[in-house]
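K.L.:
My questions will all concern the structure given below.
Just so you know, all these numbers are worked out from the coordinates, no wet-lab data involved. Note that the coordinates shown come from a computational prediction; the quantities given were computed from them, not determined experimentally. Glycine also receives a Cβ, built like all others from the backbone with ideal geometry; neighbour counts cover every protein chain displayed.
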Amino acid sequence: MQQVLEILAQQGPVDPSEIATRLDRPVDEVEALIRQAQEEGILLGYRALINWEKADGEKIYAFISVEATPEHNRGFDKIADYVSHFDEVHSVYLMSGISDLTVVVEGSDFREIARFVAEKLAPIPGVRSTATSFVLKTYKMEGEIVAEEAGNHRLAVSP
Amino acid sequence: MQPRPFVSRTADSIPPSGIREFFDLVATQDDVISLGVGEPDFPTPWKICDAVVDALRRGVTSYTSNYGLLELREAIAEDIYKRYGVEYDPGREILITAGVSEGMDVGMRAILDPGDEVIVAEPCYVSYKPCVVFAGGVPVVVATSADNDFRLQAAQIQEALTPQTKALLIGYPNNPTGAVMSRPELAQLAEIAEQHDLLVISDEIYGHLTYEGQHTCFSSLPDMKPRTLLLNGFSKAYAMTGWRIGYACGPAPIIEAMMHIHSYTALCSSVLAQVGAIEALRNCEAEMTEMIAQYDHRRRLFVNGLNEIGLPCFEPRGAFYTFPSIQGTGLSSGKFSQALLLEEKVATVPGDAFGECGEGYIRCTYASSIDQLKEALSRMAQFLDKLDSGKLPVSYA
């Protein structure tokens, strides 16, 4: 399963027959593994990796460190789940270290994100403090280096 | 006064590599997918570049020992011992060269006297025969064939032997065919080397790129270390082609003779490339393993694809080349490659660039991204369709 997942993680959706050829396994087996990964909640879906800084549609991100009050028996699960349901929220992580949650928020400009924090996130009961850091420039995302490609310097034909 | 022709007869007798010729033609075309490249498509691992940049800043810019940095020779000795169990003395049995190419040249010059014969198994890398000739030797070609998956047969060597035979030159995994030879098959060659007192020059630059089974280092065969000149380098496994860094391992007298020639012609290999090679051996096993895994995926995909579109291809188990037969098309290798390039913008190398027995085949490199390989296969399929339906200009026939 690991090898199949690595191919999907690197390339997104790949035809099972291609994976089967690459790994020298029967197609049925690969299809079954993909199904199993989906059923077990391991394979969650496929998304395109987009460098929004280059695209026309303006999109910015902020990392918000949230200090929250844990609840008896449930810790931070309830508040994290609540925060996760806002459309503006891109991802939510429970963190070790100084803050409790890191919430990644997506918006079309600084003001929109600031308003979300002030009007929606900060007032949630249990949220004690927020510290917002805006992303200014992306260098690497999801394992991909965003900087300009070095280009292909290979000769077209060589021995 | 008109100057007389100053170029030597020897230099003049060697035709330019068929690859060179084809390169010039490819250069005239745009939007080409190239399967004609003999090098990895990965950049050199970042750690290696970083180590070298750091060395530059520290002022590591001097000559090294003619043999090369001792630290690198020690790392090479350790690596060979770890992989193949052969012990080389870093002090006397290893020479750092500018890639296998220089090792081959200096090696031939170190062992050959005028008229000495070297048996060369073709198809093979383009420099083998010229290096023998430049050193005053005589190459004796033995043609391997698809019937034996391009593996050299012991009986063929027997037939090529003469009292002048001094050495046998092999390169497995093979460029251009991707053929590998198993340990028992190599042992048969070793037996002949022993019987007829031959030196075996073994170019193992693609040794790490062996996809099924284990690579056999020729000097790891019983009694073969004193009869083997092992040539290897960092170009393919560590994606360091442009660095020009390799090594030769062999009996101390041969390595010393090679070092003498190397000291007068190259002095030493680039110190920076040597620093990069140390970093490769010490810290880049994981990067190398990952690249090899990627080549393996592409290999299966591409070989499968070639067979599907109707270019029969035996399964290459090493290097990053496929060597499909184009005999069914009725075209020569040269015409096929030329027509495929001009019609569909896919560059391959005609098989006869690697020896006469490569006629009827083309070399396709699968060291390209999966998307490029798929696109190349679809263009090749289209080309074959055009051929079948007689839609190609007659000038290709």
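K.L.:
For the range A:1-107, which chymotrypsin sites (Phe, Trp or Tyr not before Pro) pass both filters: DSSP loop (anything but H, G, I, E, B) and at most 11 other C-beta atoms within 10 Å?
P.N.:
In loop regions of the range A:1-107 (DSSP not H, G, I, E or B), the sparsely surrounded chymotrypsin sites (Phe, Trp or Tyr not before Pro) are A:Tyr46.
K.L.:
Could you check the spin-label model distance between A:Ala32 and B:Ala27? Points 7 Å from the Cα along Cα→Cβ, value in nm.
P.N.:
Modelled inter-label distance: 5.5 nm.
K.L.:
A further question on this structure: Gap in Å between the Cα centre of the range A:93-159 and the Cα centre of the range B:298-373?
P.N.:
Their Cα centres are 45 Å away from one another.
K.L.:
Could you tell me what fraction of 2.2 N^0.38 Å the Cα radius of gyration of the range B:307-397 comes to, as a two-decimal ratio?
P.N.:
1.02
K.L.:
Averaged across the residues of A:16-24, what count of C-beta atoms belonging to other chains lies within 10 Å of each residue's C-beta?
P.N.:
Values: counts 0, 1, 6, 2, 2, 7, 10, 3, 7.
Taking all residues of A:16-24 together, the mean is 4.
K.L.:
Using the Cα centre as the reference, give the magnitude of the dipole from point charges on the C-beta atoms of chain B (Lys, Arg: +1; Asp, Glu: -1; all else neutral), rounded to the nearest 20 debye.
P.N.:
Details: 31 positive and 50 negative charges, 110 e Å.
The dipole magnitude comes to about 520 debye.
K.L.:
Next question. Taking K and R as +1 and D and E as -1, what net charge do the other residues with C-beta under 11 Å from the C-beta of B:Arg151 add up to?
P.N.:
Net local charge, B:Arg151 excluded: -2.
K.L.:
Another question, then. Hey, rough spin-label estimate for B:Glu285 and A:Arg128, points 7 angstrom out along Cα→Cβ, what's it come to in nanometres?
P.N.:
4.7 nm
K.L.:
To the nearest 500 deg cm²/dmol, what mean residue ellipticity at 222 nm is calculated for chain B from DSSP H runs of n ≥ 4 alone, each contributing -39,500 (n - 2.57), summed and divided by the residues?
P.N.:
Working: 13 runs with 164 residues, N = 397.
Helices in chain B give a 222 nm mean residue ellipticity of -13000 deg cm²/dmol.
K.L.:
Sticking with this structure for a sec: Determine, for each peptide in A:4-10, B:26-32, the mean count of other beta carbons within 10 angstrom over its residues, then list the peptides with the highest first.
P.N.:
Most protected by this proxy first, the peptides run A:4-10, B:26-32.
K.L.:
How big is the charge dipole of the protein assembly as shown about its Cα centre, in debye rounded to the nearest 20, if each Lys and Arg gets +1 on its Cβ and each Asp and Glu gets -1 on its Cβ?
P.N.:
For the protein assembly as shown, the charge dipole is close to 1000 debye.
K.L.:
Can you check what the net charge comes to around B:Gly171, using other residues whose Cβ is under 11 Å from the Cβ of B:Gly171 (Lys, Arg +1; Asp, Glu -1)?
P.N.:
After counting each charged neighbour, the total is -3.
K.L.:
Please state, to two decimals, what the Cα-based radius of gyration of the range B:230-368 comes to when divided by 2.2 N^0.38 Å (N = residues).
P.N.:
1.34
K.L.:
Quick one: which residues, 5+ away or cross-chain, put their amide H under 5 Å from the amide H of B:Gly233? H built at 1.01 Å from N.
P.N.:
Placed amide hydrogens put B:Tyr247 under 5 Å from B:Gly233.
K.L.:
Here is a further query. Kindly provide the helix-only [θ] at 222 nm of chain A, computed as the sum of -39,500 (n - 2.57) over DSSP H runs of four or more divided by all residues, to the nearest 500 deg cm²/dmol?
P.N.:
-8000 deg cm²/dmol
K.L.:
Taking only the alpha-carbon atoms of the range B:1-87, what semi-axes of the equivalent ellipsoid follow from 5 times the gyration tensor eigenvalues under a square root, in whole Å, largest first?
P.N.:
Result for the range B:1-87: semi-axes of 37, 25, 19 Å.
K.L.:
Another question, then. Nearest 5 is fine: what % of DSSP beta bridges in chain B come out antiparallel, could you say?
P.N.:
Around 40 percent antiparallel, to the nearest 5.
K.L.:
Okay, next question. State the three equivalent ellipsoid semi-axes of the range A:60-137, derived from the C-alpha gyration tensor as the square roots of 5 times its eigenvalues, in descending order and whole Å.
P.N.:
21, 12, 11
K.L.:
Considering only the other residues whose Cβ falls under 11 Å of the Cβ of A:Phe76, what net charge follows from Lys and Arg at +1 and Asp and Glu at -1?
P.N.:
Residues close to A:Phe76 contribute a combined charge of -3.
K.L.:
Nearest 10 degrees, 0 to 90: what angle lies between the long axis of helix A:2-11 and the longest principal axis of chain A (Cα atoms)?
P.N.:
Approximately 80 degrees, to the nearest 10.
K.L.:
May I have the pair-distance distribution P(r) for the protein assembly as shown, computed from all Cα-Cα distances with 20 Å bins from 0 and rounded to whole percent?
P.N.:
Final binned percentages: 18, 43, 27, 11, 1, 0.
K.L.:
Continuing with the same structure: Express in whole angstrom the spacing between the alpha-carbon centres of the range B:103-122 and the range A:59-90.
P.N.:
72 Å
K.L.:
Compute the length gained on full extension between B:Glu308 and B:Glu71: take 0.36 nm times their separation in residues and subtract their Cα-Cα distance, giving the result in nm to one decimal.
P.N.:
80.4 nm
K.L.:
Rounded to whole Hz and in sequence order, give me ³J(HN,Hα) for the range A:113-126 from the Karplus expression 6.51 cos²θ - 1.76 cosθ + 1.60, θ = phi - 60°, writing x for Gly and Pro.
P.N.:
Listing the rounded values in order: 5, 4, 5, 4, 5, 5, 9, 10, 6, 4, x, 4, x, x Hz.
K.L.:
Under a plain spin-label model, where a point goes 7 Å from the Cα along Cα-to-Cβ, how far apart in nm are B:Gln156 and A:Glu53?
P.N.:
5.6 nm
K.L.:
Distance from the Cα centre of the range B:66-85 to that of the range B:195-261, in angstrom?
P.N.:
12 Å
K.L.:
Here is a follow-up. Compare the Cα positions of A:Phe86, A:Gln2, A:Ile64 along the charge dipole of chain A (+1 at Cβ of Lys, Arg; -1 at Cβ of Asp, Glu; about the Cα centre) and return the one farthest towards the positive end.
P.N.:
Selected residue: A:Ile64.
K.L.:
Given H placed on each backbone N at 1.01 Å, which residues far from B:Val37 in sequence or on other chains put an amide H within less than 5 Å of it?
P.N.:
A:Ser158, B:Thr365
K.L.:
Here's something else I'd like to know. Compute, for the range B:60-283, the length of the dipole vector about the Cα centre, with Cβ point charges of +1 (Lys, Arg) and -1 (Asp, Glu) only. Units Debye, rounded to 20.
P.N.:
My answer is approximately 460 debye.
K.L.:
Same structure again: For peptide B:294-305, compute the average count of partner chain beta-carbon atoms within 10 Å of each residue's beta-carbon.
P.N.:
Working: counts 2, 0, 3, 8, 1, 2, 6, 4, 1, 1, 6, 1.
Mean shielding count: 3.
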